[in-house]
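Engineer: Structure incoming, see below.
The values are calculated or read from the model by the stated rules, or taken from the named source; none is laboratory data. Please read all numbers here as calculations on a predicted model, not as lab measurements. Note that each Cβ is placed from the backbone with ideal geometry, even for glycine, and that neighbours are counted across all protein chains shown.
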Amino acid sequence: MMGSISIHSTPMLPQHERIYRIFFDTKLLFHNSLSKLRAMDLSALDIASFVFFIACWVGYTLFARRAAKKVNSLSSVLYRYRKEWVKKLSISGMSEVDGELLASLEKQVSFLASTSLLILASLVTVLGAASDKFLNFSALSFVPEVPLAVVQLKLILLIFVFIYAFFTFTWAIRQYGFCFILFGSSFQTVKYYKEEKDYSPIATKRDFEAVTKVLDRAAHSYNYGIRAYYFAMAALAWFITAYFFIFACGITVIVLYRREFKSSSLKALVIARLVTNVHD
């Protein structure tokens, strides 16, 4: 004969006590995390170099976004070309070439998103197999000896960078998908509708400024992902020394600035528009 099972339920705590307990648990978790960081023997220079890395990445992103509204940059010039592309489609309709151009843009992003996943898998494998013998960077004469926990922390930084890159690339892919839907519903296809008597390049009336904005947002997400790759290369220098890490961050910012604001490709794109400043 089966015995009866009694279930004792814990009485619900008052709301203020529950809030206090959540706050206490969060505070305890924060202190435990700090104590673990202290146990890693992170030097002040390592912490400073990490802060400099974040400052370079975030600072340059904010600077590039604001500067692009005033001076010529790749993003501001290409926005004008995207606007002209959408305007052309509204006049002539969408051809097979336009569809292939849009598909090629999406393929570029898809390739980098897949590459990010492969790099993430490799980094997680290295992190899981990390040991003093496996990650013996100090065997190199110019690399100082650091604890294994610090090396693992640097690997985790790279993992987070490529996770961010993966999310931005996949968001760019989705936005290019939005563009396919927008273009397909807004413009007539030249191949199938050109011979009709009442042919009109526009299938449905749209706000073409907003259509351009969606296309431009997809390109911006792609740009953010590419930027993450650049700073991941800089983060690799942290495995050598913190000084080299700081130097690599500075070089990365200089390279990004020169390519986005001072490159010969940018000058050619501006000259092709027969203007000196695209904001005029």
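Engineer: Which residues, taken from the stretch 223-271, are in contact with a Ser or Thr (Cβ under 6 Å, 6 or more places away or on another chain) and β-branched (Val, Ile, Thr)?
Structural biologist: Passing the criteria: only 246.
Engineer: Would you check if residue 79 is assigned to a helix (DSSP H, G or I), modelled with pLDDT under 90 and more than 21 Å from residue 235 (Cβ to Cβ)? Break it down into steps so the answer makes sense when it comes.
Structural biologist: Details: assigned to a helix (DSSP H, G or I): yes; modelled with pLDDT under 90: no; more than 21 Å from residue 235 (Cβ to Cβ): yes.
No: the conditions fail for residue 79.
Engineer: Any chance the stretch 188-209 includes a residue that's surrounded by 13 or more Cβ atoms within 10 Å (Cβ to Cβ) and under 24 Å from the mean Cα position of the chain (by Cα)?
Structural biologist: no
Engineer: Determine, yes or no, whether residue 254 is out of contact with any helix residue (DSSP H, G or I) (no Cβ under 8 Å at 6 or more places or on another chain) and modelled with pLDDT of 90 or more.
Structural biologist: So residue 254 fits the description; yes.
Quick grid of which residues meet (1) farther than 21 Å from residue 155 by Cβ; (2) in a helix (DSSP H, G or I); (3) at pLDDT 90 or above:
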{"site": "91", "(1), (2), (3)": "yes, yes, no"}
{"site": "99", "(1), (2), (3)": "yes, yes, no"}
{"site": "107", "(1), (2), (3)": "yes, yes, yes"}
{"site": "110", "(1), (2), (3)": "yes, yes, yes"}
{"site": "117", "(1), (2), (3)": "no, yes, yes"}
{"site": "126", "(1), (2), (3)": "no, yes, no"}
{"site": "130", "(1), (2), (3)": "no, no, no"}
{"site": "134", "(1), (2), (3)": "no, no, no"}
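Engineer: Given the conditions (1) out of contact with any Lys or Arg (no Cβ under 6 Å at 6 or more places or on another chain); (2) crowded, with 17+ Cβ neighbours inside 10 Å; (3) touching a residue at least 12 places away in the same chain (Cβ under 8 Å); (4) of a type in the set (Phe, Trp, Tyr), report the number of the one that residue 243 does not fulfil.
Structural biologist: All conditions are met except number (2).
Engineer: Show the residue pairs meeting these rules: Cβ distance below 8 Å; 6+ apart or different chains; first residue within the stretch 251-265 and at positive phi and without any contact (Cβ under 8 Å) to a residue 40 or more places away in the chain; second residue surrounded by fewer than 16 Cβ atoms within 10 Å (Cβ to Cβ) and assigned to a helix (DSSP H, G or I).
Structural biologist: So the pair list comes out empty.
Engineer: Another question about this same structure. Scan the stretch 147-200 for residues that are at pLDDT 80 or above and farther than 30 Å from residue 236 by Cβ and jot them down.
Structural biologist: 177, 178, 179, 180, 181, 182, 183, 184, 185, 186, 187, 188
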